[in-house]
Amino acid sequence: MPTKKKPQVSVAAPDRRRELLGTAAEVFAEQGYNATTVRKIADHAGMLAGSLYYHFDSKESMLEEILRTFLDELWDGYDTVLDAGTGPRETLEALVTESFREIDRHRAAVAIYQKESKQLVAQERFAFLADSQRRFEKAWLSTLESGVAAGVFRADLDVRLTYRFVRDTVWVAASWYRPGGQHSPEEIARQYLSMVLDGIAVRT
């Protein structure tokens, strides 16, 4: 009597999951979280809405994984920079460069974060966004304050204002940057830093 074959788990499942999350991220970024339905994501992925539930139990789960993946990778890069023990200027340059690299890797997630985070933090499952924001602010402010104290950045620098300017002008790049374009993330960071640092560095 023939035996039943055991169901096979597709080795492509993790890749398919990443592909679906990438599609969901693009839809969330373009249409907004509230306006996006599971059906819309499924339509863009070329599948039935019911099939999408095989991979994720809700659109909230998809969004959480998209944002957690982005922030986990961002902090892996930031922590490497902050633990390197370089001077304030070198640290600032490395943080900016790492930020542009993350925009290159997770452009849609960055756009979602910028548009939706203020509303999402009110939900318990997205409380990690507020925690990350506090870490982010501390890392950048401490780097700028160290630069002022060391005489690398101007003594009259308004550190908090500078932080907000750098933060906003870097991350807004997600609205126009497209991976594979004419300039690499490193080249964009280099040109950006040449403009910013001429304004905040001590004049010699």
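Label sites at Ala49 and Ser184, each approximated as a point 7 angstrom past Cα along Cα to Cβ, lie 4.4 nm apart. Here the calculated FRET efficiency for Arg39 and Val172, from their Cβ-Cβ distance with R0 = 41 Å, stands at 0.85, rounded to the nearest 0.05.
Ordering 98-106, 35-43 by mean Cβ neighbour count within 10 Å, with the highest value first, yields 98-106, 35-43. Once the 1.4 Å probe is applied to the protein heavy atoms, the range 59-198 comes out at 51 Å² accessible per residue.
Distance from the C-alpha centroid of the range 160-200 to that of the range 88-106: 9 Å, rounded to the whole angstrom.
For the range 31-95, the spread of Cα coordinates along the three principal axes comes to 53, 22, 18 Å, biggest extent given first.
A simple packing score, the average count of other Cβ atoms within 10 Å per residue, orders the peptides 107-118, 166-177, 45-56 as 107-118, 166-177, 45-56, with the highest score first. Between Val121 and Ala150, the modelled label-to-label distance comes to 2.9 nm, taking each label 7 Å out from Cα in the direction of the beta carbon. So the label point goes 7 Å from the Cα of Arg18 along Cα→C-beta, right? Which residues of the range 40-58 then have their backbone N under 19 Å from it? Inside the label zone: 45, 55-56.
Residue by residue, the range 109-117 carries 3J(HN,Hα) couplings of 4, 5, 4, 4, 4, 5, 7, 10, 4 Hz when phi is fed to the Karplus relation 6.51 cos²θ - 1.76 cosθ + 1.60 (θ = phi - 60°); x denotes Gly or Pro. With no solvent and one equal point scatterer per Cα, compute the Debye intensity ratio I(q)/I(0) for the range 64-204 at 0.09, 0.21 Å⁻¹ and report its log10, rounded to two decimals. Calculated log10 I(q)/I(0) at the listed q: -0.27, -1.38. For the chain, carbon and sulfur atoms together expose 52% of the accessible surface, with a 1.4 angstrom probe and every protein chain in place. Working from label points 7 Å from Cα in the Cα-to-Cβ sense, the Glu90 to Gln191 distance is 2.7 nm. Think of it as helices only: each DSSP H run of n ≥ 4 in the chain is worth -39500 (n - 2.57), and spread over all residues that comes to -22000 deg cm²/dmol at 222 nm.
The values are calculated or read from the model by the stated rules, or taken from the named source; none is laboratory data. Note that the coordinates shown come from a computational prediction; the quantities given were computed from them, not determined experimentally. Here the Cβ is made from the backbone with ideal geometry for all residues, glycine too, and neighbour counts use every protein chain on show. For the accessible areas, the whole protein counts, side chains as well, though only heavy atoms, and no ligand, DNA or RNA atoms are used. Shrake-Rupley method; radii C 1.70, N 1.55, O 1.52, S 1.80 Å.
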